[in-house]
1. Being charged (D, E, K, R) and surrounded by 11 or more Cβ atoms within 10 Å (Cβ to Cβ) is the filter here; which residues of the stretch 69-97 pass it?
2. Counting only residues that are loosely packed, with under 13 Cβ neighbours inside 10 Å and either polar (S, T, N, Q) or over 15 Å from Lys10 (Cβ atoms) (or both), how many does the stretch 52-67 have?
3. Quick one: Ile30 ticks every box in (1) open to solvent by 20 Å² or more (accessible area, probe 1.4 Å); (2) in contact with an Asp or Glu (Cβ under 8 Å, 6 or more places away or on another chain) bar one, so which box is it?
Amino acid sequence: ELHPKLYGRKAAVFCDADISVPLTGFLCEIGMKPELVCTGYAEEPFEREIRSMFQKYSIDGTVLRQADRFDIERYFETHPADILLGGTRGKMLSRRF
């Protein structure tokens, strides 16, 4: 039932690195396109792992491993997403974008 509604939808993931990696993998597995994956702070292996998922699923995405809300807002100004997945403060972003 959900597959036709989720397949190909653009997603943005913004949360801690230890949550965003498996969440991004899940989104890729169900056919969504997590085109933005960012966290406040992560080491380079985080970026390599996300880029590896992007390559495996042919996603032209952006990884920000030292992002704040301003960076996310700037991204959304030119790259709309269908769903935003992040912390509770993300509700302000979802209302705006």
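The values are calculated or read from the model by the stated rules, or taken from the named source; none is laboratory data. Every value quoted in this text rests on a predicted model; they were computed, and no experiment measured them. So basically every Cβ, Gly included, is an ideal-geometry build from the backbone, and we count neighbours across all protein chains shown. For accessibility, only protein heavy atoms count, side chains too; no ligands or nucleic acids. Shrake-Rupley method; radii C 1.70, N 1.55, O 1.52, S 1.80 Å.
1. Arg69, Asp71, Glu73, Arg74, Asp82, Lys91
2. Residues in the stretch 52-67 being loosely packed, with under 13 Cβ neighbours inside 10 Å and either polar (S, T, N, Q) or over 15 Å from Lys10 (Cβ atoms) (or both): 5 in total.
3. The failed condition is (2).
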